[in-house]
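S.K.: The structure's right below; bear with me while I get my questions together.
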Ligand SMILES: NC(=O)c1ccc[n+]([C@@H]2O[C@H](COP(=O)([O-])OP(=O)(O)OC[C@H]3O[C@@H](n4cnc5c(N)ncnc54)[C@H](O)[C@@H]3O)[C@@H](O)[C@H]2O)c1
């Protein structure tokens, strides 16, 4: 029988981290070997997530976990201030990153790509692991070929730290592959209230970020043309929607030594 994939989860006690712990433990070819989170350090992660101990004690440092365990892949859902440092640390310790935390900058992505190539280790970073969201981005890219005006509205829970979402940024990037400039026929605008028109991508796509309790992760891409509008919308109602993508990505980094940014590249 093939060895199980030894997985660690960083940000294990967070909303996403807890869902990942359950998902990994439910897979027959994976073994949870470490859980890292400064919240609940010293407790059994099984107690925190499922009220049932599983023998994996929560550590307070990813670096220590990487030194003390043999870890094939690390799933990270922490926060934008830590994600670059964590991804680098995982590669430097010869493990494979599966990164859901958003907020990585373009130059950081480039550096991480070079490091993963130097090390010959698979590395997958996905602004959105929900399959439906990935399809929404692909459809928006296709629509961009035919619509010269488009705006994005993304809606998330009010504990999300970064704005706009990584998904909105990635959507605008994909749309820009099809068209260099959007909204060029808009009239000159004046914002009576600063920020009313949202953030603007280099290609002129306006991105509006809504933060409200009750929401998880939602996005609408609205394409407009004379006499018509096309709205492409995706809703994640539960964090379980991200788990098939996370599991697929763990298997991908084990089987491939490439650097992947965006789940669309492996579907
Ligand atoms: N890619 C996707 O599909 C996707 C989906 C949902 C959320 N996200 C992103 O994932 C990230 C986490 O989201 P969340 O809702 O789970 O947040 P959360 O605040 O619920 O969880 C973050 C966890 O990280 C822990 N943490 C803080 N410092 C740490 C450290 N040094 N080492 C390890 N853990 C540490 C915190 O204690 C917390 O438990 C955010 O950036 C969010 O935007 C991505």
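Table: residues versus (1) within 16 Å of the chain's Cα centre (by Cα); (2) crowded, with 20+ Cβ neighbours inside 10 Å; (3) free of Cβ contacts under 8 Å to residues at least 12 places away in the same chain.
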| position | (1), (2), (3) |
| --- | --- |
| 165 | yes, yes, no |
| 170 | yes, yes, no |
| 181 | no, no, no |
| 197 | no, no, yes |
| 203 | no, no, no |
| 210 | no, no, no |
| 221 | no, yes, no |
| 226 | no, no, yes |
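S.K.: Just to be sure before I move on: is residue 82 modelled with pLDDT of 95 or more, surrounded by fewer than 19 Cβ atoms within 10 Å (Cβ to Cβ), closer than 25 Å to residue 32 by Cα and within 14 Å of the ligand (Cβ to nearest atom) in the structure I sent?
M.R.: Yes: the conditions hold for residue 82.
S.K.: For residue 128, state whether it is within 16 Å of the ligand (Cβ to nearest atom) and either farther than 15 Å from residue 220 by Cβ or buried (at least 20 other Cβ atoms within 10 Å of the Cβ) (or both).
M.R.: Here the answer is yes, as residue 128 does meet what is asked.
S.K.: Enumerate the strands (runs of 3 or more DSSP E) found wholly within the range 148-267, keeping only those where 3 or more residues are away from the ligand (no atom under 12 Å from the Cβ).
M.R.: Qualifying strands (runs of 3 or more DSSP E): 149-156, 206-211, 217-225, 228-236.
S.K.: Test each condition in (1) under 22 Å from residue 128 (Cα atoms); (2) within 11 Å of the ligand (Cβ to nearest atom); (3) surrounded by 14 or more Cβ atoms within 10 Å (Cβ to Cβ) for residue 21 and report the one that comes out false.
M.R.: (2)
The values are calculated or read from the model by the stated rules, or taken from the named source; none is laboratory data. Model, not experiment: these values are computed from the prediction. No Cβ is skipped: glycine too gets one built from the backbone with ideal geometry, and neighbour counts run over all protein chains shown.
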